[in-house]
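S.K.: What follows is a single structure, and I will ask about it in a moment.
The values are calculated or read from the model by the stated rules, or taken from the named source; none is laboratory data. It should be emphasised that the depicted structure is a prediction, and the values quoted were computed from it without experimental measurement. All Cβ positions, glycine included, derive from the backbone under ideal geometry; neighbour counts span all protein chains shown.
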Amino acid sequence: MLHIERRSYVRGNFSFKIKFKTMTSNEYEGLVRSDEAIPPYFQKETGIDITDKKNGVDTAVDPSLVNYLALIDEKLDLILELLAKDSKIDGLFNQGIGKNISGSGMNIMVDRPVESGQIIHSKFYLSKTPLVFLDIFGEVVRSTKVDECGQTMYSLGIKFLDISVNDQERIITSVFQRQRGVLRKRKNGP
């Protein structure tokens, strides 16, 4: 039987932490119209080139500084989450695990049900060196209940909405870099 590939982009199967919140289509449309949608990517906003010396490109920012700033972001989210337990804070992001990603969508595992058709606002790091931080909106096209280790989880298929070509290229580059790393490990042995 002949296998026909229907994907336009390469898909990487690896795990990454993801923060997300749900919104309605009307909320998303209002956000897009108000120009408050996604802030510009750090590199465009500051003009700082964040690249990796290991790949033969000069680095303008120390990778340890990037990791430090990423950790600060995670700690601030944890503080807000702890505060939310005492009082209700609207707009907090939920936690999930990304299972795979491509230039057109991703699959994530979450601990609460999300209906098909809902809009997901997601933030996640695919790589910290070079920095690949994405702030993307997507539509839930599939929601499946899954039993993992005795815990009920939900697998969500997300189709990206209004993703820029630059963000697609950064995702594809990250997928290829991870795949090359896996091949290098296999080649070099255990």
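S.K.: Evaluate the following for GLY157: is it modelled with pLDDT of 90 or more and either in contact with a Ser or Thr (Cβ under 9 Å, 6 or more places away or on another chain) or surrounded by fewer than 18 Cβ atoms within 10 Å (Cβ to Cβ) (or both)? Please lay out each step first, then the result.
M.R.: Values: modelled with pLDDT of 90 or more: yes; either in contact with a Ser or Thr (Cβ under 9 Å, 6 or more places away or on another chain) or surrounded by fewer than 18 Cβ atoms within 10 Å (Cβ to Cβ) (or both): yes.
Against the criterion (modelled with pLDDT of 90 or more and either in contact with a Ser or Thr (Cβ under 9 Å, 6 or more places away or on another chain) or surrounded by fewer than 18 Cβ atoms within 10 Å (Cβ to Cβ) (or both)), GLY157 qualifies.
S.K.: I'd like to verify a number: residues in segment 115-134 that are outside any strand (DSSP E or B), crowded, with 19+ Cβ neighbours inside 10 Å and at pLDDT 90 or above, how many?
M.R.: 0
S.K.: Take segment 92-113 and flag every residue that is of a type in the set (Lys, Arg) and part of a strand (DSSP E or B). Spell out how you get there, then give the answer.
M.R.: Narrowing segment 92-113 to residues of a type in the set (Lys, Arg): 99, 112.
Correct list: LYS99 only.
S.K.: Then there's this: Return a yes/no flag: does segment 82-96 have any residue that is among the small types (Gly, Ala, Ser), surrounded by fewer than 17 Cβ atoms within 10 Å (Cβ to Cβ) and either modelled with pLDDT of 75 or more or under 19 Å from the mean Cα position of the chain (by Cα) (or both). Step through it out loud before you land on a result.
M.R.: Quick first cut of segment 82-96, residues among the small types (Gly, Ala, Ser) only: 84, 87, 91, 96.
So of that shortlist, the ones also surrounded by fewer than 17 Cβ atoms within 10 Å (Cβ to Cβ) come out as 84, 87, 91.
Right, trim to either modelled with pLDDT of 75 or more or under 19 Å from the mean Cα position of the chain (by Cα) (or both) and you get 91.
Within segment 82-96, one or more residues are among the small types (Gly, Ala, Ser), surrounded by fewer than 17 Cβ atoms within 10 Å (Cβ to Cβ) and either modelled with pLDDT of 75 or more or under 19 Å from the mean Cα position of the chain (by Cα) (or both).
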